[in-house]
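The values are calculated or read from the model by the stated rules, or taken from the named source; none is laboratory data. The structure presented is a predicted model; accordingly, all values stated were derived computationally and were not measured. Here the Cβ is made from the backbone with ideal geometry for all residues, glycine too, and neighbour counts use every protein chain on show. Ligands, DNA and RNA are stripped out before the accessible areas are found, and what is left, the full protein with its side chains, is counted by its heavy atoms. Shrake-Rupley method; radii C 1.70, N 1.55, O 1.52, S 1.80 Å.
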Amino acid sequence: MTTFIARRLAIGLVMLLALSVLVFVLLRLAPGDPIDAYINPSAPLSAEALAALRARLGLDAPLPVQYLGWLRAALTGDLGFSTQRAGVPVLPLVLERIGPTILLMAAGLAIAIVAGISAGILSAVRRNSAADVGLSVLAFTGISSPAFLTALLGLYFFSVRLGWAPSGSMTTPGAAFSVPDLLHHLVLPAVILSIGHAALIMRYMRASLLEVLNQDYVRTARAKGVREFWVIVKHAVRNALLPVITLIGSTIGVAVGGAIFIESVFNWPGMGLLLVSAVSDRDYPVIMGATLVIGAAVIVVNLLTDITYAAVDPRIRVS
Amino acid sequence: MNAPVLDIRDLRTVFRVGGRELTAVADLDLSIAPGETVALVGESGSGKSVTSLSVMGLLPRKVGRIDNGTIAFRGKSGAARDLVGMTPEALRQLRGNDMAMVFQEPMTSLNPVYTVGEQIAEPMRIHLGRSRAQAAAAAVQLLADVGIPDPARRARQFPHELSGGMRQRATIAMALACDPKLLIADEPTTALDVTIQAQILDLLAKLQAERGMAMLFVTHNLGVVAEIADRVAVMYAGRIVETGTVDEVFDHPRHPYTQGLLRSVPRLGQATALKRAGTPLPTIAGAVPSLANLPRGCAFAPRCPYAIDACTVAVPPLADTGGGHGSRCIRWPEI
Ligand SMILES: Nc1ncnc2c1ncn2[C@@H]1O[C@H](COP(=O)(O)OP(=O)(O)OP(=O)(O)O)[C@@H](O)[C@H]1O
Ligand code: SF4
Ligand SMILES: [Mg+2]
């Protein structure tokens, strides 16, 4: 188990490194000169001054050297300074945005997992019943509706028309912080974030459980006189969860994308909102920093998924 | 003779397939005394497993059901009760406790995510109210009883860490956990290689003798029947076509199907001799008819060398040929 975790951790680090190279290169390939971000457009610099600035920022060195320099600093926690907010270091800027994003994603995923798995179990156990058909239609709708549509529709109905939920941000401006207020702001974006994932998890859980219910060991459990409830919950569901855990792990990466979008629709002060504004401002250090932190988070989550999987399936532990 | 543990009368089990009802088992009578082993033989699809599942109350729900007949079962209470029409809950309480089943596939019959010990302990916790610790200790003892070396360590292992033969021993231990009156073994050795097969057969015979259980042994291997069973029932297309003691049926088969089966069994040395001569083993010509399309009268008629017009008029009754030997062939005196 320890070697298993160590190996996954090593793979994760390599992936993170690869991600940083990729982001670095992509940003440098993007149109526009990174130096532009440092210059006040209304006060053009002379060619000499420009070259001096370039040299001071290290932007005249070859790309690999620039990358290594950036990496060395990054390893010490120095992700540079925001080019748009003068003198603001990137790391604290990014770190303060992690909390809200984790809250939103965790809430969204928790809703998706609980709803998806219970609906999947219900559908499989009551196969072809009205409940199964209803849930399957719902899931199909959930999978095929694009996030921008559900986000805008949700916003329109629940906050504009019905007034049940605030239309954005994390807390009521000006009010003192309170948990109910936070939850009130959290529900709508979290539910919208969860829809697609819940639908996908439900479909997987249903298919997986139906397959497991046909397995010989389920028949063995019945032959032992295990109560039907425990046949499902103890003998079938635990096996059926295996592929679903993998799915959940891999949807988390996708959920990050969804969260970025939902944050910008709901003005949720997380990494997504930061990233979107940094991209439009061409604030390269912030883009790099935010991407890396998001990437690291996804890798950690995948590691946790693998460990959960190994804990549920004894066959993984030995091999 | 002792009062039978299992006494099936006139059983008919049907399946609903695509809006049609197929009769998988019909007119089946079968009785097993305490300590007795009855073998159920026949080609694939003849209804052996369906018969077993009918007794256990494990027919696939909504698809299969018992349409007719009685299954009198004398469990631990000592009173005979009809399993047909019993509530699912009453049947569940008998399963794994008064009657137990061993299945064909040791590789897939154990749950991959629980230890072998936990799975053997489970029926004792459900039916006998044993505590976790008591049941775990009993499970280790059972593993020792079925001949698994180092049982305490094996009990803590997961199924994938055991060989096929060992897993089958473990499923036998699981079936015997509550000391059932009836053990149904559905092809318990088919998936194993020959030397392991012999060991498992010996083990089953030994445990059965020790515990005085009744055993229904399903197989399509006549060599296995000769080794383990007292009586045999030969099934064809859902019906028992011949039944009697193993000696009687093997020495004087009174049904052309049984004769054909016996002829296709390689005798010692015969198989190699035939192989050397390049001739295939004799088999029964023709194929098992599909249940959806059974011929009128004797279902074996299309493949039977003795068939005459009279055979296709009605299903032949199970005729008593003397000494508890029965044959569902109208021409039994001639063959
Ligand atoms: N779940 C099912 N749904 C529909 N028909 C079934 C089902 N199970 C069994 N049957 C029918 O019952 C017949 C008898 O099947 P059964 O499993 O009892 O055969 P068997 O004698 O055990 O054969 P084998 O040696 O292959 O195990 C099959 O031919 C099949 O048509
Ligand atoms: S009844 Fe006729 S067809 Fe059937 S086994 Fe006897 S002789 Fe053959
Ligand atoms: Mg079978």
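With B:VAL146, B:VAL113 as the choices, which residue is touching a Pro at 6+ places or on another chain (Cβ under 8 Å) and among the β-branched types (Val, Ile, Thr)?
B:VAL113
State the number of residues belonging to the range B:155-164 that are surrounded by fewer than 20 Cβ atoms within 10 Å (Cβ to Cβ) and in a helix (DSSP H, G or I).
Here the count works out to 3.
Among the residues of the range B:41-48, is there at least one that is open to solvent by less than 30 Å² (accessible area, probe 1.4 Å), touching a His at 6+ places or on another chain (Cβ under 7 Å), under 27 Å from A:VAL218 (Cβ atoms) and within 13 Å of ligand 3 (Cβ to nearest atom)?
yes
Looking at the structure I just gave you, is A:PRO285 farther than 30 Å from B:PHE103 by Cα, more than 14 Å from chain B (Cβ to nearest Cβ) and not in a helix (DSSP H, G or I)?
It is false that A:PRO285 is farther than 30 Å from B:PHE103 by Cα, more than 14 Å from chain B (Cβ to nearest Cβ) and not in a helix (DSSP H, G or I).
One residue is enough: does the range B:129-140 have a residue meeting the conditions within 12 Å of chain A (Cβ to nearest Cβ) and more than 15 Å from A:ASP216 (Cβ to Cβ)?
no
To keep it simple, each residue is scored yes or no on (1) touching a residue at least 12 places away in the same chain (Cβ under 8 Å); (2) away from ligand 3 (no atom under 16 Å from the Cβ); (3) in contact with a Leu (Cβ under 8 Å, 6 or more places away or on another chain); (4) open to solvent by less than 10 Å² (accessible area, probe 1.4 Å).
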| position | (1), (2), (3), (4) |
| --- | --- |
| B:GLN104 | yes, no, no, no |
| B:ILE120 | yes, yes, yes, yes |
| B:MET124 | yes, yes, no, yes |
| B:SER131 | no, yes, no, no |
| B:ALA138 | yes, yes, no, no |
| B:ASP150 | no, yes, no, no |
| B:ARG153 | no, yes, no, no |
| B:ARG169 | yes, yes, yes, no |
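Condition check: open to solvent by 20 Å² or more (accessible area, probe 1.4 Å), away from ligand 3 (no atom under 16 Å from the Cβ) and over 22 Å from B:MET215 (Cβ atoms). Does B:GLY57 satisfy that?
Criteria not met by B:GLY57.
Out of the residues in the range B:283-303 that are assigned to a loop (DSSP other than H, G, I, E, B) and in contact with a Cys (Cβ under 7 Å, 6 or more places away or on another chain), state the one that is nearest to ligand 1 (Cβ to nearest atom).
Step by step, filter the range B:283-303, then rank; the result is B:CYS298.
What number of residues within the range B:1-18 satisfy the criterion of being open to solvent by 30 Å² or more (accessible area, probe 1.4 Å), β-branched (Val, Ile, Thr) and within 18 Å of B:LEU216 (Cβ to Cβ)?
Here the count works out to 0.
Would you confirm whether or not the range B:19-34 contains a residue that is open to solvent by 60 Å² or more (accessible area, probe 1.4 Å), within 15 Å of ligand 1 (Cβ to nearest atom), more than 14 Å from chain A (Cβ to nearest Cβ) and among the polar types (S, T, N, Q)?
The answer is no, given that none of the residues of the range B:19-34 is open to solvent by 60 Å² or more (accessible area, probe 1.4 Å), within 15 Å of ligand 1 (Cβ to nearest atom), more than 14 Å from chain A (Cβ to nearest Cβ) and among the polar types (S, T, N, Q).
If B:SER109 meets every condition in (1) under 16 Å from B:ALA173 (Cα atoms); (2) more than 11 Å from chain A (Cβ to nearest Cβ) apart from one, which number is that one?
(2)
Among what's in the range B:238-264 and is at pLDDT 95 or above and within 22 Å of B:GLN104 (Cβ to Cβ), pick the residue that is farthest from ligand 3 (Cβ to nearest atom).
Per the criteria, the residue is B:VAL246.
Among (1) over 25 Å from B:ARG92 (Cα atoms); (2) at pLDDT 95 or above, there is one condition B:ALA139 misses while meeting the rest; what is its number?
B:ALA139 satisfies all of (1) over 25 Å from B:ARG92 (Cα atoms); (2) at pLDDT 95 or above except (1).
Is it true that some residue in the range A:248-266 is modelled with pLDDT under 90, within 14 Å of another protein chain (Cβ to nearest Cβ), open to solvent by 10 Å² or more (accessible area, probe 1.4 Å) and in a helix (DSSP H, G or I)?
Looking through the range A:248-266, none of the residues is modelled with pLDDT under 90, within 14 Å of another protein chain (Cβ to nearest Cβ), open to solvent by 10 Å² or more (accessible area, probe 1.4 Å) and in a helix (DSSP H, G or I).
Can you list residue pairs whose Cβ atoms sit under 6 Å apart, with the first residue in the range B:50-74 being within 11 Å of chain A (Cβ to nearest Cβ) and the second being within 16 Å of ligand 3 (Cβ to nearest atom) and part of a loop (DSSP other than H, G, I, E, B)? Count only pairs 6 or more apart in sequence or on different chains.
Pairs found: B:LEU53/B:LEU59.
Mind checking which residues of the range B:24-47 are more than 16 Å from ligand 2 (Cβ to nearest atom) and in contact with a Gly (Cβ under 6 Å, 6 or more places away or on another chain)?
B:ALA24, B:VAL25, B:PRO34, B:GLY35, B:GLY47 - these are the residues of the range B:24-47 that are more than 16 Å from ligand 2 (Cβ to nearest atom) and in contact with a Gly (Cβ under 6 Å, 6 or more places away or on another chain).
Report the residue count in the range A:219-247 for those that are at the interface with chain B (Cβ under 9 Å from one of its Cβ atoms) and over 30 Å from A:ASN302 (Cβ atoms).
Total meeting the criteria: 11.
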